[in-house]
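The values are calculated or read from the model by the stated rules, or taken from the named source; none is laboratory data. Quick caveat, the model's predicted, so the values are computed rather than measured. When we count neighbours, we look across all protein chains shown, and the Cβ atoms used for this are built from the backbone with ideal geometry, even at glycine.
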Amino acid sequence: MRMRIARSREGGKVTHYDLYKIDLKKGMTVLDALFQIQDRMDPSLSFRYSCRGAVCGSCSMLINKEPRLACRTQVAKIREENMRLKAFPAIVETPSGWNPDKEILVEPLPNMIILKDLVVDMSKFYDALESMRLWVDPEMNEEAFLQSPEDRKRIERYVNCILCAICYGSCPVNAENEEYIGPAALAKAWRFHEDTRIRNHTRYVETARVASGAPMCELIMNCVKACPKGVAPGGAIRMIKQNE
Amino acid sequence: MMLHKHDVLIIGAGLAGLRVAIELAEIYDTAILSKVHPLRSHSVAAQGGINASLGEDDSWEQHAFDTVKGSDYLADQDVVEILAKEAPRAVIENERWGTAFSRTDDGRIAQRPFGGAGYPRTCYAADRTGHNLLHTTFEQALRVGVKFYNEWFATSLVRDGNHVCGLTALEIASGDVYGFVGKAVVIATGGFGRVYSHSTNAVINTGDGCALALRVGAPLKDMEFVQFHPTTLFGSSILISEAARGEGGYLINARGERFMSKYAPKKMELAPRDIVARAIRTEIDEGRGSEDQYVHLDLRHLGKEKILERLPGIREISIDFAGVDPIHEPVPITPAQHYSMGGVHCDKHGMTPISGLYAVGEAACMSVHGANRLGGNSLLETLVFGRIVGQQIAENLRNAAEPSSERVDDEAFRIRQKLQELLLKERGESPSEIREVLGETMDRLVGIFRKESDLKAALSMIHHLKERFPNVSVGHVDRRFNYSLIRVLELENMLDLAEVITMGALKRRESRGAHWRLDYPERDDQKFLKHSLFTRIEDYVKTELIDVNLGMFEVKERTY
């Protein structure tokens, strides 16, 4: 098995692709393969990682033109996968020489500035958490809130978000509009709005309805198809739009 | 070069570090340095839950008793008392901050049974409790305005006499080393599971803070006590939560037997982790494992609905990483390294013997877990003691002396030079080879069952690897995002910690909790109802034994 990896030493844009021959092991993930390359073939390769168990959200990247967690993507099965995303340039344009039958193509997550190789600048993605104040303004008390299992279920899907930014990297609107807040932050705003324990819950949807927020979403739903955790941000954004 | 200055410098942005920061950020200039973005910290991977005696028939005393018994009586009982008493408060605080705990039908925080506990007191958010707590706690840290240095790797602590006055750190994005001056430095870097090649831990869990502390003369404690989690996914060693057994899962050997009846007839699968891990290892070693390598965790009888509601995360993990759906098939599991009971020696307020240096969470050893931690107590430790350590620092800072910028500046200069030399070595030893040999050595010789000849062989191998390390070549000279360099620095830290773990295991000629010596299979309270302490003095590590704080619970034989 071979891996064709986008390289960018100085950041900004992909300057070339390097081809590596992987010693394929049973159950090997794309992240395992990247470590094999870094350890044995090319110590200059940069990529983010942490948990290797699909819970921390570090290793989001474009694999065979689809945004995925490298740790959750099996090398042996990748060719069978198809998210059926709506096309935009970053997930369509393929480098010359790529042979999809023999090579796995690994590139940085789209819609973010490349810093080095597979490492992208996520600061805009993270900044939304602060600018939208996506936290609870706590009212402390000696007792916990009561919340019925049904009410908890309304937010479960959204609290499962690991903020891996795969939705952001899969979104054609994010690809075209730098200012768009993106699906994850909007879904998180909806998570707080829907939480029956929160008193001032309208502030979250108000911040989601600014011009750079939900109104920009065209309900393309790539985020729903690409999300590795079943969060379905597009559904939340639809609700934010509807309840206006 | 410029120096950064803050009142408080916290290394590590997992739950413990964040909770310290939240306590301090509104009164002192508080900064956290983390080698990854805070949400990528390993707290995120904790699954099963967090203990608190919320139930009407439960009490803090029972929680404390279970913890002390689980620790094989090595935990300091005054520290355990704080943990158990403060537990409900810590859970309620996080719930008020927004954590989406799972609920009972009448809307209260749901609790499940966990290993070694006499009462179902483990609160949970499905099987993604750490994920929920970490995201919530991070949100609150943003709210109170903690200053974050994300993707900064701490390279050393700076000591001025008997006082820590700051640290140095490498900005991963630029490759530049900066000095940080601070009145208080907090080690909150988590565990060091990656010393072993089979570990549930994130790849980043290399114990950096513990190694840095050791290097400036802060003692480490109880390092030989390494928890092996009974149920990790065969192949990848990814954690399969104790919640799976808490919800009623069975452990089955290759003959189809529920073998725990032989090892813990009363508690069965819910015996503490050390006991279950040894049972599984024994089954495999005696030829009753599947393919001689693993046993099965069978959840099928729980039914689809319960699995989907309570254990969705481990179902996903089983499908993604082993191709097995627990609704239809048993999950192949094997024990692997999971938790570090040992860590930086400190008191119940996180204070180390060096003034200005604090430790908290898994990186610390207060000691609240003794020789074996109970499931559900580690998330709890981070939140309870994060707050307490924060309060203690606030108190101490009122009279803190102005730290020496000069010392920090000098140290930053020294580290820059060290990294330059490391980067310029064009040819040399392969760091990944040393890392692999280290992990394999620890797995094979310093694992669940230990004996003198193995431990001596491990120690000499570690010494050999340490001799090779100075010749290591990073192989890549770019400064920006040089992760190969980071991994070399992590390896340096792990080699120091592996040595201390193995020394401790060799010196402790008894079996207690997670530390099992085949050649000394009995617990020896006469000699070893003691904490072990490791202090680096110039080139060697001094070891000594210090007293355990006993208290309300009498030391007894431990059966389940």
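The table below gives the values:
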| read-out | value |
| --- | --- |
| Selected residue [within 22 Å of the chain's Cα centre (by Cα), within 29 Å of A:Met41 (Cα to Cα) and of a type outside the set (S, T, N, Q)] from B:Glu429, B:Glu433, B:Glu467, B:Glu440 | B:Glu440 |
| Extreme residue, surrounded by the most Cβ atoms within 10 Å (Cβ to Cβ), among residues of region B:84-93 that are out of contact with any Lys or Arg (no Cβ under 9 Å at 6 or more places or on another chain) and closer than 23 Å to A:Pro138 by Cβ | B:Val91 |
| Residue in region B:43-52 that is within 14 Å of chain A (Cβ to nearest Cβ), more than 19 Å from B:Gly246 (Cβ to Cβ) and surrounded by fewer than 21 Cβ atoms within 10 Å (Cβ to Cβ) present | no |
| Enumerated helices (runs of 4 or more DSSP H) restricted to region A:140-244, each holding at least 1 residues that are under 26 Å from A:Glu66 (Cα atoms) and in contact (Cβ under 8 Å) with a residue 60 or more places away in the chain | A:149-159, A:166-170, A:172-176, A:183-194, A:222-226, A:233-242 |
| Pair list, Cβ under 7 Å, 6 or more apart: region B:536-553 residue farther than 20 Å from B:Asp72 by Cα, other residue among the small types (Gly, Ala, Ser) | B:Arg536/B:Gly217; B:Thr543/B:Ser532 |
| The lone exception for B:Glu402 - which of (1) surrounded by fewer than 17 Cβ atoms within 10 Å (Cβ to Cβ); (2) over 29 Å from B:Arg159 (Cα atoms); (3) not aromatic (Phe, Trp, Tyr) it fails | (2) |
| Selection count where residues are of a type outside the set (S, T, N, Q) and more than 7 Å from chain B (Cβ to nearest Cβ), scope region A:127-138 | 5 |
| Selection count where residues are assigned to a strand (DSSP E or B), at pLDDT 95 or above and aromatic (Phe, Trp, Tyr), scope region B:532-560 | 1 |
| Some residue of region B:143-158 being under 29 Å from A:Trp190 (Cα atoms), within 8 Å of another protein chain (Cβ to nearest Cβ), in contact (Cβ under 8 Å) with a residue 24 or more places away in the chain and β-branched (Val, Ile, Thr) | no |
| Residues that are among the acidic types (Asp, Glu) and touching a residue at least 40 places away in the same chain (Cβ under 8 Å), drawn from region B:453-493 | B:Asp478, B:Glu490, B:Glu492 |
| Entirely in region B:200-304, the strands (runs of 3 or more DSSP E) that have 2 or more residues that are β-branched (Val, Ile, Thr) and crowded, with 23+ Cβ neighbours inside 10 Å | B:226-233 |
| So A:Ile198, is it within 21 Å of B:Ser102 (Cβ to Cβ) and more than 13 Å from the chain's Cα centre (by Cα) | yes |
| Condition met for B:Met494 (outside the structural domain of B:Asp274 (by TED's automatic domain parsing), buried (at least 24 other Cβ atoms within 10 Å of the Cβ) and assigned to a helix (DSSP H, G or I)) | yes |
| For B:Arg373: the one exception among (1) assigned to a loop (DSSP other than H, G, I, E, B); (2) free of Cβ contacts under 8 Å to residues at least 24 places away in the same chain | (2) |
| Residues of region B:54-73 satisfying the condition of being crowded, with 23+ Cβ neighbours inside 10 Å and either within 16 Å of B:Pro113 (Cα to Cα) or within 14 Å of another protein chain (Cβ to nearest Cβ) (or both) | B:His63, B:Ala64, B:Asp66, B:Thr67, B:Gly70 |
| Any hit, region A:202-210, residues being more than 29 Å from A:Thr15 (Cα to Cα), facing chain B (nearest Cβ under 7 Å) and crowded, with 16+ Cβ neighbours inside 10 Å | no |
| Residue match in region A:7-22 (condition: among the small types (Gly, Ala, Ser), over 30 Å from A:Asn160 (Cα atoms), in contact with a Pro (Cβ under 8 Å, 6 or more places away or on another chain) and in a loop (DSSP other than H, G, I, E, B)) | yes |
| Long-range neighbours under 7 Å by Cβ, at least six apart or interchain, first residue without any contact (Cβ under 8 Å) to a residue 60 or more places away in the chain within region A:62-89, second of a type in the set (S, T, N, Q) | A:Ile63/A:Thr73; A:Lys65/A:Thr94; A:Ala70/A:Thr29; A:Cys71/A:Thr29; A:Thr73/A:Thr29; A:Gln74/A:Thr29; A:Ile78/A:Asn64 |
| Unmet requirement for B:Arg427, which otherwise passes all of (1) touching a residue at least 24 places away in the same chain (Cβ under 8 Å); (2) part of a helix (DSSP H, G or I); (3) more than 30 Å from B:Ala514 (Cα to Cα) | (2) |
| The one condition in (1) at negative phi; (2) away from chain A (no Cβ under 14 Å) that B:Asp478 fails to fulfil | (2) |
| Set A:Ala33, A:Ala54: member being in a helix (DSSP H, G or I) and at pLDDT 95 or above | A:Ala33 |
| Out of B:Ile501, B:Ile434, sole residue that is assigned to a helix (DSSP H, G or I), aliphatic (A, V, I, L, M) and within 14 Å of chain A (Cβ to nearest Cβ) | B:Ile434 |
| Filter result (of a type outside the set (Val, Ile, Thr) and touching a helix residue (DSSP H, G or I) at 6+ places or on another chain (Cβ under 7 Å)) within region B:339-356 | B:Tyr339, B:Ser340, B:Gly343, B:Lys348, B:His349, B:Gly350, B:Met351 |
| Search result, residues across region A:34-65 that are out of contact with any Lys or Arg (no Cβ under 9 Å at 6 or more places or on another chain) and more than 9 Å from chain B (Cβ to nearest Cβ) | A:Leu34, A:Ile37, A:Ile63, A:Lys65 |
| Selected residue (criterion: farthest from the other protein chains (Cβ to nearest Cβ)) from residues of region B:323-338 that are of a type outside the set (Val, Ile, Thr) and closer than 27 Å to B:Leu445 by Cα | B:Pro335 |
| Single match in A:Glu176, A:Glu150, A:Glu142 (criterion: at pLDDT below 95, surrounded by fewer than 17 Cβ atoms within 10 Å (Cβ to Cβ) and more than 21 Å from B:Leu142 (Cα to Cα)) | A:Glu142 |
| Pairs, first in contact (Cβ under 8 Å) with a residue 40 or more places away in the chain in region B:116-140, second charged (D, E, K, R) and assigned to a helix (DSSP H, G or I), C-beta under 6 Å, six or more apart | B:Gly116/B:Asp66; B:Ala117/B:Asp66; B:Gly118/B:Asp66 |
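Here is a yes/no grid of residues against (1) surrounded by fewer than 21 Cβ atoms within 10 Å (Cβ to Cβ); (2) touching a strand residue (DSSP E or B) at 6+ places or on another chain (Cβ under 7 Å); (3) closer than 22 Å to A:Lys21 by Cβ:
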{"position": "A:Ala70", "(1), (2), (3)": "no, yes, yes"}
{"position": "A:Lys77", "(1), (2), (3)": "yes, no, yes"}
{"position": "A:Lys102", "(1), (2), (3)": "yes, yes, yes"}
{"position": "A:Ser123", "(1), (2), (3)": "yes, no, no"}
{"position": "A:Tyr126", "(1), (2), (3)": "yes, no, no"}
